[in-house]
Amino acid sequence: MSTPPDQPPQYTRYRAGRRPWRRREDESLIDPLSAARARAAEPRRGWRERVTPKRVILGLLGLIACWLVFSLMLFLISSHFERTSLPGNVASVLDPAGYPLTSANNILVLGSDRRQKNSKEPGAETTGFGRSDTIMLIRTGGTHAARLSIPRDTVIEIPGHGLQKVNAAHELGGPAESVAVIKNWLGIPINHVVEVNFENFPALIDAMGGVTYTGGCIVSYLDGGFSRGGYTLRLPAGSHHLDGKQALALARTRENHCAPGETDIQREEHQQTLFTDMKSQLLSPSSFLRLPLIAWNAPPAIISDMSGAELLGMFAALAVSGTPPTRVLEPTGQITLPSGEEGLTISESARRVDVARFMAG
C-alpha cells in the first residue's frame, strides 16, 4: 500500500528492553556529566565509616600471623647456622621417638661445670666435657608434662669405672656416656639430649627481658667469684628480676653460702624453679613483642641432637603443656667412695616409684 504524497512516511519503532544487569558505570558512559553530578551529590564516607571492627580484627590477626612467621623463620635460620651439634656418637645411644610436639619424648637436659674460655679462675678447666652440674629429665609432647632431676652426687655403677657419682659420666665419656648410664640405671628410653651452652645462655635470658625468680637467699661465688675472675651472685630472700648473668649463676650454684645447710636436693629445686620461671616469661605478653629476638638467640644457647624443626616442636610442646610439679630423685642413704668423697644412694624401690610417676606424667 503506497503512502499519500501529503503525509510523511511511517516508521516502526523498536525499543530494547532494559537489561537488569546493566551497571551504573555503563550508564555513565551514556551521560558522563549526569553521572558525575550524581556522584558529587552523594555524601562521602569518612575514615570512621571505612574502618569497621571486622576490618580492624582482620588486620590485627594478619599482623600477628606475619610476626609469628617472621619469628619462625629466624628460629630455623639460627638453628641451621648458629647452633652447635653434639658429638656424633650420641645418636647411637638414643632411642627413636615421634615428633616432640605430638608424641611423648624423654629429653635429657645436661649442664657441664666446664669453665668458660675467658675464665680467670686459677686451675680452671676450660677443655674436655666436664662434669654435669645439671641432670634433668623432661617428658613432653602428646599432652605429657613431667620433670625429674637427678642429684649430681648420686652414686651409680659406671661400666669400666666402678662406683662413681652420676655427674662423672659426662666427664668420662661426654653426653653419650651420660645417656647410656642414666637410661640403663633408670630403665627408661631417652630420645633426645639438650645441653645448655653456658656461653650463650645469658644472651637468651636477656633477649627474653630477664626472668623473675622467687626463692630463699642465695650467695654463691661462681668460678671463684669477682675477686678471682668469676661471678658473685647475691640474692636476698624474695622475688628478683634476674638478667642473663644472674640466671646463669643461679643455675650453676653448687654452694649457697647464705644457707650452708642446703643439699644437692635444694640445688636441683632451684634449677627447676628457674626453668618454670623461664617458661612463664616466654608466655608473657612482653615476650611476644620480643619473639624475633628470642627466636634468634634460643638455638645458640642449646647443644642438641635435634634439628631446628624438632627443637621448635619441643618448645611448642613445653609451651602448651602444663607446669609439672618439681620432682627430684630422693636419696635414701649415703656412701663413701674410695676417693674419700661422700655420695648419695637411692634404693631400687624408691627409684622405681619416682620413675613410674615420671613416665605417667
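A few remarks follow.
- Of all residues in region 284-312, those being open to solvent by less than 30 Å² (accessible area, probe 1.4 Å) and of a type in the set (S, T, N, Q) number 3.
- Criterion: open to solvent by less than 50 Å² (accessible area, probe 1.4 Å), assigned to a strand (DSSP E or B), polar (S, T, N, Q) and modelled with pLDDT of 95 or more - qualifying residue of THR140, THR134: THR140
- Figure legend. Inter-residue proximity from region 193-204: first residues under 18 Å from ASP305 (Cα atoms), second residues surrounded by 22 or more Cβ atoms within 10 Å (Cβ to Cβ) and basic (Lys, Arg), beta-carbon distance below 8 Å, spacing 6+ or different chains. Indicated pairs: PHE198/ARG252.
- Subset of region 318-342 [crowded, with 16+ Cβ neighbours inside 10 Å and either in a loop (DSSP other than H, G, I, E, B) or at pLDDT 95 or above (or both)]: SER321, PRO324, THR326, ARG327, LEU329, PRO331
- Per the listing LEU235, LEU293, LEU186, the residue uniquely over 26 Å from PHE358 (Cβ atoms), touching a residue at least 40 places away in the same chain (Cβ under 8 Å) and not acidic (Asp, Glu) is LEU293.
- Condition met for ILE265 (of a type outside the set (Gly, Ala, Ser) and modelled with pLDDT of 95 or more): no
- Hey, MET359 over 21 Å from HIS270 (Cα atoms), in contact (Cβ under 8 Å) with a residue 40 or more places away in the chain and in a loop (DSSP other than H, G, I, E, B) or not: no
- Only a single criterion out of (1) surrounded by 20 or more Cβ atoms within 10 Å (Cβ to Cβ); (2) modelled with pLDDT of 95 or more; (3) out of contact with any Gly (no Cβ under 6 Å at 6 or more places or on another chain) is not satisfied by LYS183, namely (1).
Table: residues versus (1) at pLDDT below 95; (2) in contact with a strand residue (DSSP E or B) (Cβ under 7 Å, 6 or more places away or on another chain); (3) open to solvent by less than 50 Å² (accessible area, probe 1.4 Å); (4) farther than 24 Å from ILE182 by Cα.
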{"residue": "ILE107", "(1), (2), (3), (4)": "no, yes, yes, no"}
{"residue": "ASP113", "(1), (2), (3), (4)": "yes, yes, yes, no"}
{"residue": "GLN116", "(1), (2), (3), (4)": "yes, no, yes, yes"}
{"residue": "ALA124", "(1), (2), (3), (4)": "yes, no, yes, yes"}
{"residue": "THR127", "(1), (2), (3), (4)": "yes, no, no, no"}
{"residue": "GLY130", "(1), (2), (3), (4)": "yes, yes, yes, no"}
{"residue": "ILE150", "(1), (2), (3), (4)": "no, yes, yes, no"}
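- Strands (runs of 3 or more DSSP E) fully within region 205-264 that include at least 2 residues being open to solvent by 40 Å² or more (accessible area, probe 1.4 Å) and more than 23 Å from SER132 (Cβ to Cβ): 211-215, 238-242.
- Scanning region 270-284 turns up one or more residues that are closer than 29 Å to SER85 by Cβ, in a helix (DSSP H, G or I), out of contact with any helix residue (DSSP H, G or I) (no Cβ under 9 Å at 6 or more places or on another chain) and free of Cβ contacts under 8 Å to residues at least 60 places away in the same chain.
- Test for LEU248: is it more than 25 Å from ARG351 (Cβ to Cβ) and not small (Gly, Ala, Ser): yes
Okay, residues lined up against (1) charged (D, E, K, R); (2) more than 27 Å from GLY230 (Cβ to Cβ):
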{"residue": "GLY261", "(1), (2)": "no, no"}
{"residue": "GLU341", "(1), (2)": "yes, no"}
{"residue": "THR345", "(1), (2)": "no, yes"}
{"residue": "ALA350", "(1), (2)": "no, yes"}
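The values are calculated or read from the model by the stated rules, or taken from the named source; none is laboratory data. This structure is a prediction, so every number in the text was calculated from the model and none was measured. Every residue, glycine among them, receives a Cβ derived from its backbone with ideal geometry; neighbour counts consider all protein chains shown. With ligands, DNA and RNA removed, areas are computed over all heavy atoms of the protein, side chains included. Shrake-Rupley method; radii C 1.70, N 1.55, O 1.52, S 1.80 Å.
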